[in-house]
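Inspection log for the structure reproduced underneath, given as structure tokens.
The values are calculated or read from the model by the stated rules, or taken from the named source; none is laboratory data. Source: prediction; values computed, not measured. Every residue, glycine as well, gets a Cβ built from its backbone with ideal geometry; the counts of neighbours run over all protein chains shown. Please note that ligands, DNA and RNA were not included when accessible areas were found on the heavy atoms of the full protein model with its side chains. Shrake-Rupley method; radii C 1.70, N 1.55, O 1.52, S 1.80 Å.
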Amino acid sequence: MVIAVPKEILPGEKRVAIVPDVASKLIKKGFQINVETNAGLGASFTDKDYEAAGAKIFSNVEELYNSADIVLKVQRPVEHPELNKHEIDLIKKDTLLIALVYILHYPEIAKQCAEKGVNLISMDAVPRTTLAQKMDALSSQANIAGYKSVLIAANELGKIFPLMMTAAGTIQPARVVIMGAGVAGLQALGTAKRLGAIVEVSDIRPAVKEEVESLGGRFIEVETDEDMQDEGGYAKEASEEFLKKQKELIFKHVSNADIVITTALVPGKKAPILVTEEMIKNMKPGSVVLDMAVEFGGNCEISERGETVTKHDVIIIGEDNLPGLVPVNSSSVYAKNIQALLEHISKEGVVELSLEDEIVKGALITHNGEVIQERTISVLQ
Ligand code: NAD
């Protein structure tokens, strides 16, 4: 089968779905790979690198899409700025599109794909099982996002992180508060600790307390009788009462913090508001808040998507594509996730979608002109 890898067109997106090393592995498995001119350049991979791996370079985007049985992308399909066509309209009927769509947040893309007869696999819908661990793009990208969030916030802060005892006096360590101890939050914790900060972490799943402490963080625990975790290990949507209690508890931690990094998400729901304007008014001037959930509604009441703003003398970072700021590594791990998925669903370079397979069942959103994934259907209703 022929795989097409277009250049990402969402503004600021530098990642690419397949890197040369993975291209050469997929070619050995029997696929043919066509790559748009300069598709990998933002992530430091040249057309020559792809050619050396055995891929063909296409300068004409429409020809590239026409050549494909499978289209691999990082971002959700969007309107093509030069062709004045939506990317979905460039894809032939019956083609398999694989992308990190965050489908529950962009369910209209499922509808568009179904109408066009495009079969869509959304990488964020791959079940988080042991078997599918290698295909877990949510984790591979969140890990890098967590790391980068600390560096960006540290850069904005007018202080250093570690305790320093010098002849000119002692510098106190920075205090970092992290909200949400999933993959991104735990990586942010590890990174901030390595830089020497004192780190406190809050999560609604008490199960993560041990992980936080083993990484050297202090856990801010909200006491509750509510069961905050579903059977998949994900956070449930917290009740109003819980969120109120949590806000009261974290108020003083946030007020004392130099940096607050928020990563709290509830799958398929708007992100919970955890840092209110009132809290920000109580932070020290020059403190930094980085809202990693900004794309999905934000954990901070006054963050602005895609912007860094100063409000009440606090710097509030609303960067909505942190993995995209580390495109070399993010692309490499994402490409590995895709490689693992393709190897799972194909034989000798031919994809066969079995609806009985638990990974396909979870991640295949549209098939033969219909939206088939249950969670997407329920969001669309
Ligand atoms: P996520 O990005 O969905 O959410 C980030 C964190 O925010 C979670 O820890 C969540 O509990 C927390 N959160 C939600 N509401 C909150 C609130 N009001 N206050 C504070 N925190 C709040 O999470 P994720 O990184 O995708 O991980 C989610 C789960 O999936 C975890 O249990 C993780 O261990 C699991 N996981 C499993 C696998 C696997 O088995 N392959 C891989 C990765 C993650």
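Suppose we filter the stretch 27-50 for residues that are within 21 Å of residue 342 (Cα to Cα) and either outside the structural domain of residue 13 (by TED's automatic domain parsing) or out of contact with any Lys or Arg (no Cβ under 6 Å at 6 or more places or on another chain) (or both); how many remain?
10
Taking the stretch 224-273 on its own, how many of its residues are open to solvent by 90 Å² or more (accessible area, probe 1.4 Å), in contact (Cβ under 8 Å) with a residue 12 or more places away in the chain, in a loop (DSSP other than H, G, I, E, B) and more than 10 Å from the ligand (Cβ to nearest atom)?
1
Could you go through the stretch 160-170 and let me know if any residue there is of a type outside the set (A, V, I, L, M), under 29 Å from residue 287 (Cβ atoms), surrounded by fewer than 17 Cβ atoms within 10 Å (Cβ to Cβ) and touching a strand residue (DSSP E or B) at 6+ places or on another chain (Cβ under 9 Å).
yes
Against the definition (assigned to a loop (DSSP other than H, G, I, E, B) and surrounded by fewer than 24 Cβ atoms within 10 Å (Cβ to Cβ)), how does residue 280 come out, yes or no?
no
Within the stretch 171-184, take every residue that is more than 16 Å from the ligand (Cβ to nearest atom) and among the aliphatic types (A, V, I, L, M) and give me the one that is most open to solvent (accessible area, probe 1.4 Å).
171
Please count how many residues of the stretch 140-163 are of a type in the set (Gly, Ala, Ser) and within 12 Å of the ligand (Cβ to nearest atom).
Going through the stretch 140-163 one residue at a time, the tally reaches 4.
Pick from 187, 172: which is free of Cβ contacts under 8 Å to residues at least 40 places away in the same chain and not hydrophobic (A, V, I, L, M, F, W, C)?
None of the other options fit; the residue is 172.
Please work out which one of (1) within 13 Å of the ligand (Cβ to nearest atom); (2) at negative phi is the condition residue 282 fails and give its number.
Condition not satisfied by residue 282: (1).
Does the stretch 5-33 hold any residues that are out of contact with any helix residue (DSSP H, G or I) (no Cβ under 9 Å at 6 or more places or on another chain) and in a loop (DSSP other than H, G, I, E, B), and which are they?
Those that are out of contact with any helix residue (DSSP H, G or I) (no Cβ under 9 Å at 6 or more places or on another chain) and in a loop (DSSP other than H, G, I, E, B): 11, 30.
If I ask for residues that are out of contact with any Asp or Glu (no Cβ under 6 Å at 6 or more places or on another chain) and assigned to a strand (DSSP E or B), which ones from the stretch 34-58 would you list?
Matches in the stretch 34-58: 34, 35, 36, 56.
Can you tell me how many residues in the stretch 185-218 are within 11 Å of the ligand (Cβ to nearest atom), open to solvent by 10 Å² or more (accessible area, probe 1.4 Å) and either at pLDDT 95 or above or not in a helix (DSSP H, G or I) (or both)?
6
Would you call residue 222 at pLDDT below 95 and either out of contact with any Cys (no Cβ under 6 Å at 6 or more places or on another chain) or in the same structural domain as residue 288 (by TED's automatic domain parsing) (or both)?
The answer is yes for residue 222.
On the basis of being in the same structural domain as residue 360 (by TED's automatic domain parsing), among the basic types (Lys, Arg) and more than 26 Å from the chain's Cα centre (by Cα), does residue 73 make the cut?
It is false that residue 73 is in the same structural domain as residue 360 (by TED's automatic domain parsing), among the basic types (Lys, Arg) and more than 26 Å from the chain's Cα centre (by Cα).
Each row is one residue, and each column tells you yes or no for (1) free of Cβ contacts under 8 Å to residues at least 24 places away in the same chain; (2) open to solvent by 30 Å² or more (accessible area, probe 1.4 Å).
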position: 4; (1), (2): no, no
position: 14; (1), (2): no, yes
position: 21; (1), (2): no, yes
position: 34; (1), (2): no, no
position: 38; (1), (2): no, yes
position: 51; (1), (2): yes, yes
position: 58; (1), (2): no, yes
